[in-house]
Amino acid sequence: MYALIYDEFEPLMREKKVISVHKTRETAEKALEKRQRELGKRVWECHTRIVWVYDPVHKDDTITPDSFDTWAPDEKVPGEELEPDTD
């Protein structure tokens, strides 16, 4: 299951709020695009990201990093995601 989570990328703030839950990455991506439009912000300004959640969750639940990952098991990771960002 995929979820949109609120993530300010602060290492000390481990708990993340679940914004919405989705069966596929595609529906999660559409929800993220809709959130961007509603907030009038770019994706990195929304403090929102898509994650794969290991156990069932619901909107407004709080999860920690040990319960989610960026990619689902066996999900094909796009090539550009495999290389680190460089200056």
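The values are calculated or read from the model by the stated rules, or taken from the named source; none is laboratory data. Since we're looking at a predicted model, the values are computed, not measured. All Cβ positions, glycine included, derive from the backbone under ideal geometry; neighbour counts span all protein chains shown.
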*Of the residues in region 26-43, how many are of a type in the set (A, V, I, L, M, F, W, C) and farther than 22 Å from E75 by Cβ?*
1
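Looking for whichever is at pLDDT below 95 and not small (G, A, S) here; the options are D69, D61. Which one fits?
Only one candidate passes the filter, namely D69.
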*Would you point out the residue of region 1-22, among those that are within 14 Å of C46 (Cβ to Cβ) and of a type outside the set (A, V, I, L, M), that is modelled with the lowest pLDDT?*
F9
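How many of the residues in region 22-49 are within 10 Å of the chain's Cα centre (by Cα), buried (at least 17 other Cβ atoms within 10 Å of the Cβ) and not polar (S, T, N, Q)?
So the count comes out to 3.
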*Extreme residue, nearest to the chain's Cα centre (by Cα), among residues of region 50-65 that are within 12 Å of Y2 (Cβ to Cβ) and assigned to a strand (DSSP E or B)*: I50
_Pick from region 36-49, criterion touching a helix residue (DSSP H, G or I) at 6+ places or on another chain (Cβ under 7 Å) and in a helix (DSSP H, G or I), ranking: farthest from D7 (Cα to Cα)_ = Q36
*Looking only at region 18-35, which residues are in a helix (DSSP H, G or I), touching a residue at least 12 places away in the same chain (Cβ under 8 Å) and farther than 15 Å from T70 by Cα?*
T27, A31, R35
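Output the residues belonging to region 8-17 that are part of a strand (DSSP E or B) and within 24 Å of P78 (Cα to Cα).
Hits for region 8-17: nothing passes.
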*Search region 1-30 for residues being aliphatic (A, V, I, L, M) and touching a Phe, Trp or Tyr at 6+ places or on another chain (Cβ under 9 Å), and hand back the single one that is farthest from T62 (Cα to Cα).*
A28
*asked:* Could you tell me how many of the residues in region 35-52 are at pLDDT below 90 and out of contact with any Leu (no Cβ under 9 Å at 6 or more places or on another chain)?
replied: 2
